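Every number in this text was worked out from the coordinates using simple rules, so none of it is lab data. In this text, all values refer to a predicted model and were calculated from it rather than measured experimentally. So basically every Cβ, Gly included, is an ideal-geometry build from the backbone, and we count neighbours across all protein chains shown.
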Amino acid sequence: MDALVIIDGSARNARFRLVSRLARALAWLAGLDRSAEAALFLGLRDGATALAWRIAGWRRRAAPDSGASRPVGPTPGDAGAPGLEGEDLDLAASVPTWQDSERVVAFRRVTRCHVPGRYAGSVAVLVPEQRGSPRRDLWWPLVADRVDVYTVPGAHLTSITEHGPQVAKRLRACLAARPRAAPAS
């Protein structure tokens, strides 16, 4: 595959690859099924994030006048982060007909647990302009060397329901711009 286009996805779990491997090994040793392994990963991930927040707080208290230009610690959208909600499709929980859907619950669990590996090609990420997260790159630079981020109209759901033609136009442009593989001889 020459290129990968992602619509409003997050690669934030890419920084938890070691935690994912640990959860997989512990699940294998304990004979846990995939669902229990996913719950174990989420517990380890969220615990590590909470610990990072505590350490960041200790650093801020130890050096309050450091004038650091970049924040220390996790970013908004992480478990335990003050302010913004997580990027785990919290929007689905706000739609009453989706709250009890078994498929939505399963989809949310899969997206929360997915840890992307490295990708050798280029990645284009289509980010809705009304996204709650201030981070446009959404951790994709940890997945691929070349990441292009494009803004599309709407929010998470309305970008594909109400603004489909604009998103399709951007998607076609991304696919047309991808490098072509040399023909096999």
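Listed by Cβ neighbour count within 10 Å, with the fewest neighbours leading, 139, 58 appear as 58, 139. Segment residue 62..residue 32, full-extension length gain: 6.6 nm, with 0.36 nm per residue of separation and the alpha-carbon distance subtracted. Each of 110, 125, 143 was scored by other Cβ atoms within 10 Å of its Cβ. Listed from fewest to most, they are 110, 143, 125.
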